[in-house]
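Nothing in this text is a laboratory measurement; each read-out follows from the coordinates by a stated rule. Quantities reported herein were computed from a predicted structural model and do not represent experimental measurements. Using ideal geometry, Cβ is built from the backbone for each residue, glycine included, and neighbour counts are taken over all protein chains shown.
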Amino acid sequence: MECEVIVVGGGIGGLTVAALLAARGVDVALFERQSHVGGCLAEFEHLGQSFDPTFGLFSGWEPEGVWERVFDALPVRPPEATKLTENFVLRLPDGVDVPVGSDRDALQQNVAKAFPDCAAKAVQFMRAIFDSRADLDSLRKTSENFHAFIDAQLSFLAQRTLETAEPSRVIDTLRLATGDMWEIDGGAQALADRLASSFKQSGGRLRLNSPVLRLAYGSNGTPEGVDLLSGERVTATRAIVSNLTVWDTYGKLIGLRHTPAAISAQLRQMSAWGVYQVFMVLDEEVVAKLPCLRLVLAFDAEETRAPVPHLMVNIATGKTQSPSSRQRGATLTAFTNTDDWFAFHQDATWHEEQDQAALEEIWSRLHRAAPEIADSAEVFETTTPQTFYESVRRKMGMVGSPTPAGAGHSSCFDNLFLIGDTVSDRIGVAGVANGAYHLAETLTN
């Protein structure tokens, strides 16, 4: 089989670049190892319930934003997206709720009320964020409670902490948190399905259940295509795009023998967080009493032994639930060190025990911060870095942008490009889409 462009992986990045190229008449084949598209953003189904593994917050849907540019070039309409009046509510360690949204006056009032011991300095810092003039040294003049407020937002939107984030990353993250955000009807899965539909309508070849084993190299040592696990070889005349993580692109697709020593050394220095999630259901009566469908729970670092103490709850919108259902699916997300979940053991008992211990510890935190949720939730299933790896094959189940940042979309080969969250210089799904849009421009100009 021969095509112009091969895309490996059906996450949002791979789907976006594939759909854009196919809409421009490029012969594209996309290979996805799973039976569905969406990658690590694909919805999780268990016992008849569907759960959204994301935080339910999406940017880039404003007029002339990245998603308007993407779908203006495609033969399908975008999924419906509703602008949020409040992006999320952040509950402080002392139990105070702080609504966070794009209304600057309201946000400044909320901040002043929530942090009376440093109100002027906290409001001054937030104003400087809006104007991209923030000086992180000024945070030293604010309270520990305000530090937790900032740190929790960095954790979930950028997978960073105040101690590890570059100043520019802090500013970009807080501007995102306090900017316009939307919820998508059907969540990230609806977006993935719409991109896949466009790709197929434009003549793209979508191959599900088709794991790619490695790059296929020509006699001159440059990649000319891919070898599938089935034994089939597919060649590409123009380019190969990897939607795998930066580690898996080099470690699995390119192979260690073809990876330059300098890049191997760089990859060994890079790491990212793992994710631990609890999928649960809540009664409608409980949901009605909560301040928001997206609740960030901030903790003092001293309260817990967890490397990242904060939690986030994302509750399904009423639009995604059956009209007859009196319950809502919800996802509780925590971050963890991936090394804690991968070790050699003779059987799987150790993983089950560690999973149970993690659930008990996180549930204890949830009880302290949001007893109205913990007292009434029914746990359906959990996912750990190890089970996440088994599902999507991301190295050690790592998610988000690595530290230090990756080398971008180019690779050690002129015709091989990377796309996805581990190589994006921008935050979130919109950042991945922006990279995919510019890659499509590069490959067709």
What fraction of the DSSP beta bridges in the chain is antiparallel, stated in percent and rounded to the nearest 5? 70 percent
Quick one: what are the phi-derived ³J(HN,Hα) couplings along the stretch 178-183, Karplus 6.51/-1.76/1.60 with θ = phi - 60°, whole Hz, x for glycine and proline? 9, x, 6, 9, 10, 10
Within the chain, pairs of Lys residues whose Cα atoms are less than 26 angstrom apart, provided they are eight or more positions apart or on distinct chains, add up to 9
Skipping prolines and chain starts, which residues have an amide H placed within reach, meaning under 5 Å, of the one on residue 160, given they are 5 or more residues away or on another chain? 155
For labels at residue 46 and residue 120 in the simple 7 Å Cα→Cβ model, what's the distance in nm? 5.1 nm
Please compute the length gained on full extension between residue 1 and residue 97, using 0.36 nm multiplied by the number of residues separating them and subtracting their Cα-Cα distance. 28.9 nm
Treating only the Cα positions of the chain as identical point scatterers, give the base-10 log of I(q)/I(0) from the Debye formula at each q in 0.07, 0.09, 0.11 Å⁻¹. -0.35, -0.58, -0.88
Hey, can you grab everything whose amide H is under 5 Å from the amide H of residue 422? Only 5+ residues off in sequence or another chain; H modelled, so Pro and N-termini drop out. 246
Nearest 10, in degrees from 0 to 90: the angle of helix 12-23 to the longest Cα principal axis of the chain is 50 degrees
Calculate, in nm to one decimal, what residue 219 and residue 351 gain on full extension: separation in residues at 0.36 nm each, minus their alpha carbon distance. 43.1 nm
If one takes the longest principal axis of the Cα atoms in the chain, at what angle in degrees, from 0 to 90 and to the nearest 10, does the Cα axis of helix 349-369 lie? 40 degrees
Most packed first (mean Cβ within 10 Å per residue), the peptides 306-316, 166-176 order as 306-316, 166-176
Under a Cβ-only charge scheme (Lys and Arg +1, Asp and Glu -1), can you give me the dipole magnitude of the chain about the Cα centre, in debye to the nearest 20? 1100 debye
Ranked from highest to lowest mean number of other Cβ atoms within 10 Å per residue, what is the order of the peptides 58-67, 189-198? 189-198, 58-67
Which residue, 268, 214, 104, has the most motion in a Gaussian network model of the chain that connects Cα atoms within less than 10 Å? 268
Please determine, in degrees from 0 to 90 and to the nearest 10, the orientation of helix 119-130 with respect to the longest principal axis defined by the Cα atoms of the chain, where the helix direction is its Cα long axis. 20 degrees
